[in-house]
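Structure, as structure tokens:
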Amino acid sequence: MKERLGVVDLGRNGPYLVDRLQESHEPVWITGKRGSAVLVSEEDWRAVQETLYLVSIPGMRESILDGMATPVDEIESDLDW
């Protein structure tokens with residue numbers, strides 16, 4: 001379930017929000033008069049940034065998907081690096 005808070009609720013709920021974001025990894029929607037925003041934990045934000053970086057590399061997305069589809073018994077145990 002999406003948690004929504006008004007901008008005015010951020011101040012008094014700040015400590016609760018940080019703890020909740022760390023534990024649940026669920027984003028919180030912040031609504032205001034001129035728009036809205038999404039609040040996520042730093043860990044989740046870093047994961048989003050890493051994912052965006054990886055899929056920006058040509059061919060990386062396909063390589064990851066191919067790797068995920070490879071059965072474990074077909075994976076080489078001796079790497080040349």
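List of remarks:
- Residue in segment 2-55 that is modelled with the highest pLDDT, counting only those that are among the charged types (D, E, K, R) and touching a strand residue (DSSP E or B) at 6+ places or on another chain (Cβ under 8 Å): Glu26
- Leu5, sole failed condition from (1) part of a helix (DSSP H, G or I); (2) surrounded by 12 or more Cβ atoms within 10 Å (Cβ to Cβ); (3) over 17 Å from the mean Cα position of the chain (by Cα): (1)
- Among residues of segment 19-50, those that are surrounded by 12 or more Cβ atoms within 10 Å (Cβ to Cβ), under 16 Å from the mean Cα position of the chain (by Cα) and β-branched (Val, Ile, Thr), counted: 2
- Pairing residues of segment 7-25 that are under 17 Å from Ala47 (Cβ atoms) with residues that are assigned to a helix (DSSP H, G or I) and at pLDDT 90 or above, at Cβ distances under 7 Å and at least 6 apart in sequence or on separate chains, gives His25/Asp44.
The values are calculated or read from the model by the stated rules, or taken from the named source; none is laboratory data. Everything numeric in this text was worked out from a predicted model, so none of it was measured. With ideal geometry, Cβ positions are generated from the backbone for all residues, glycine too; neighbour counts draw on all protein chains shown.
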